[in-house]
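First comes the structure, then the notes that go with it.
The values are calculated or read from the model by the stated rules, or taken from the named source; none is laboratory data. Computed from a predicted structure; not experimentally measured. As a convention, Cβ positions derive from the backbone with ideal geometry for all residues, glycine included, and neighbour counts pool all protein chains shown.
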Amino acid sequence: MIFRIIKKEELEKLFELLASGSRVIGPVETGHDRNSDPIYEFSEVSNFSEIRLDHTMTKLPAKKYFLPYKEDLAAFHMKGRDWDKSVDYHCDSPSVFFGLHACDINAFNRLDKVLLGSSYPMPYYAAKRKNMFIVGVDCVPGPYCFCRSMGADTALQGFDLFVTDLGKTYFIEILSDTAFNFLKRIKTSEPVEADHVRYMDIVSKKNMKFEAHVDTTDLTKILDMEFQSDIWKYWGDKCLACGTCANVCPTCYCYSVEETVSLDLQSAKKTRQLYSCNIIDFAEVSGGHNFRPERQTRLKYRYYHKHRGFVEAYEDSLCVGCGRCGEACLADITVPKVISSVRGGAV
Ligand code: SF4
Ligand code: SF4
């Protein structure tokens, strides 16, 4: 890793260099909630002033740009007595993600393990993922954030450069050749000892601001032991089975595939749609049998996939502790509360 210091105004020049050949996606302010706090979302931007580098957690992750809610996988057309198949990976131009927090970068890293590194890589995700330039930015933890507990509060890979605000300057961590070459075109300097000290001070102050925590010690073993626990019924009874938690999650990737045929039987298409394991028909199969008809078994499945099965398969949790699901859940079901109760804590 290479470190550099840049003056604040240089970041806008970097933005303009990046935006000259790619679309740029960044956090923008879209309104205010009932407490008058700003609401942020990831959106395509054309001007540096639109980006809010000081954003708190966006309500939705940037997932729609690399794992869209709905995506056509293939189209089929009859040609006489034969047929043609066409595949579009929906990746027309390079994308710059400008201003991702460490948890969202780590969400990429964990998704990569299953969507790029498993026996069945997903080419639609791979095409978009390989065409990305990622600029990370430091953050201040909000009340729902527990990324530190999930080892996702710092990003060590999965970005091109990472920006930390030192007050009057930015501390830049450079991880890719592409980023290094871009930075040659703006004014940078070597960090001096005072910059490193300031950086460490900012990181340690950030670490003290976490209010939400999850104890992950021996969590896979505890989940094994508590598989039959009544606690799952408690949370299942509260759950509305709305699927919002999966919708807002940067790492939920489960999907269904649907094939539709035109009325004249001359064309057809195959469409992938993200789905939530909490929704009633998630585990329903042909013939109408449902392997998980109760809310408690579906909610339990979601926790076992993220905190048990994925850890066993990929040595990492499929939860990065962004806190979005807890904030969005109308039944006030949060990961810290569920895990604490499974470990024997009060509910
Ligand atoms: S958001 Fe809450 S209520 Fe809705 S499915 Fe998820 S846990 Fe259940
Ligand atoms: S499960 Fe919840 S806290 Fe964990 S990554 Fe998904 S949305 Fe964030």
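Restricting to the stretch 200-227, what's the tally of residues that are at negative phi and within 25 Å of the chain's Cα centre (by Cα)? Even if it seems obvious, please write down each step before you answer.
Start the filter on the stretch 200-227 by keeping residues that are at negative phi, which leaves 200-217, 219-227.
In the following step, the residues that additionally are within 25 Å of the chain's Cα centre (by Cα) were identified as 202-217, 219-220, 223.
Number of matching residues: 19.
Within the stretch 91-100, identify whether any single residue is of a type outside the set (Ser, Thr, Tyr) and without any contact (Cβ under 8 Å) to a residue 12 or more places away in the chain, and answer yes or no. Can you show your working first?
So in the stretch 91-100, the residues of a type outside the set (Ser, Thr, Tyr) come out as 91-92, 94, 96-100.
Still in the running and without any contact (Cβ under 8 Å) to a residue 12 or more places away in the chain: 92.
Checked against the condition, which is being of a type outside the set (Ser, Thr, Tyr) and without any contact (Cβ under 8 Å) to a residue 12 or more places away in the chain, the stretch 91-100 yields at least one hit.
Of all residues being in a loop (DSSP other than H, G, I, E, B) and within 10 Å of ligand 2 (Cβ to nearest atom) in the stretch 291-332, which is nearest to Asp224 (Cα to Cα)? Just the residue, please.
Residues of the stretch 291-332 that are in a loop (DSSP other than H, G, I, E, B), as a first pass: 291-294, 315-323, 329-332.
Narrowing the set further to residues that are within 10 Å of ligand 2 (Cβ to nearest atom) leaves 317-323, 329.
Working: Ser317: 15, Leu318: 17, Cys319: 18, Val320: 21, Gly321: 21, Cys322: 24, Gly323: 24, Cys329: 26 Å.
Looking at residues that are in a loop (DSSP other than H, G, I, E, B) and within 10 Å of ligand 2 (Cβ to nearest atom), I get Ser317.
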*Please specify each residue of the stretch 1-21 satisfying the condition of being small (Gly, Ala, Ser) and surrounded by 16 or more Cβ atoms within 10 Å (Cβ to Cβ).*
Ala19
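Name the residue that is farthest from the chain's Cα centre (by Cα), counting only residues in the stretch 126-138 that are touching a residue at least 60 places away in the same chain (Cβ under 8 Å) and under 21 Å from Leu318 (Cα atoms). Quick ask: steps written out before the conclusion?
Of the stretch 126-138, the ones touching a residue at least 60 places away in the same chain (Cβ under 8 Å) are 128-129, 132-133, 135, 137-138.
Remaining after also requiring under 21 Å from Leu318 (Cα atoms): 128-129.
Details: Lys128: 14, Arg129: 13 Å.
Once the filter is applied, the top-ranked residue is Lys128.
Residue-wise test of (1) among the basic types (Lys, Arg); (2) within 21 Å of Tyr125 (Cβ to Cβ); (3) under 21 Å from the mean Cα position of the chain (by Cα).
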{"residue": "Asp37", "(1), (2), (3)": "no, no, no"}
{"residue": "Ser49", "(1), (2), (3)": "no, no, no"}
{"residue": "Arg52", "(1), (2), (3)": "yes, no, yes"}
{"residue": "Thr56", "(1), (2), (3)": "no, no, yes"}
{"residue": "Asp72", "(1), (2), (3)": "no, yes, no"}
{"residue": "Met78", "(1), (2), (3)": "no, no, no"}
*In the list Ser276, Ser256, Ser267, Ser262, which residue meets the criterion of being within 16 Å of ligand 1 (Cβ to nearest atom) and of a type outside the set (Asp, Glu)?*
Ser276
*asked:* Need pairs with beta-carbon distance below 9 Å; first residue closer than 21 Å to Asp112 by Cβ and free of Cβ contacts under 8 Å to residues at least 12 places away in the same chain and within the stretch 296-316, second within 16 Å of ligand 1 (Cβ to nearest atom) and not in a helix (DSSP H, G or I); sequence gap 6+ or separate chains.
replied: Gly309/Leu318
*asked:* What's the total number of residues in the stretch 59-85 that are without any contact (Cβ under 8 Å) to a residue 24 or more places away in the chain, in a strand (DSSP E or B) and surrounded by 12 or more Cβ atoms within 10 Å (Cβ to Cβ)?
replied: 1
*Matching strands (runs of 3 or more DSSP E) fully within the stretch 1-45 where at least 2 residues are within 24 Å of Tyr65 (Cβ to Cβ) and modelled with pLDDT of 95 or more*: 23-32, 38-45
_Identity of the residue in the stretch 220-245, in contact (Cβ under 8 Å) with a residue 60 or more places away in the chain and within 13 Å of ligand 2 (Cβ to nearest atom), that ends up surrounded by the most Cβ atoms within 10 Å (Cβ to Cβ)_ = Cys245
*asked:* Being among the acidic types (Asp, Glu) and without any contact (Cβ under 8 Å) to a residue 12 or more places away in the chain is the filter here; which residues of the stretch 205-219 pass it?
replied: Asp218
*Count, please, the residues in the stretch 184-219 that happen to be of a type in the set (Asp, Glu), surrounded by 12 or more Cβ atoms within 10 Å (Cβ to Cβ) and over 16 Å from Cys147 (Cβ atoms).*
1
*Among all residue pairs at least 6 apart or on different chains, which show Cβ distances below 6 Å where the first residue, located in the stretch 261-282, is farther than 15 Å from Cys325 by Cβ and the second is of a type in the set (Asp, Glu) and away from ligand 1 (no atom under 16 Å from the Cβ)?*
Lys269/Asp72; Lys270/Glu259; Thr271/Asp72; Thr271/Glu258; Arg272/Glu71
*Kindly provide the set of residues from the stretch 112-143 that are surrounded by 19 or more Cβ atoms within 10 Å (Cβ to Cβ) and touching a Ser or Thr at 6+ places or on another chain (Cβ under 6 Å), ordered by number.*
Met132, Asp138
_Pick from the stretch 262-286, criterion in a strand (DSSP E or B) and modelled with pLDDT of 95 or more, ranking: surrounded by the fewest Cβ atoms within 10 Å (Cβ to Cβ)_ = Gln273
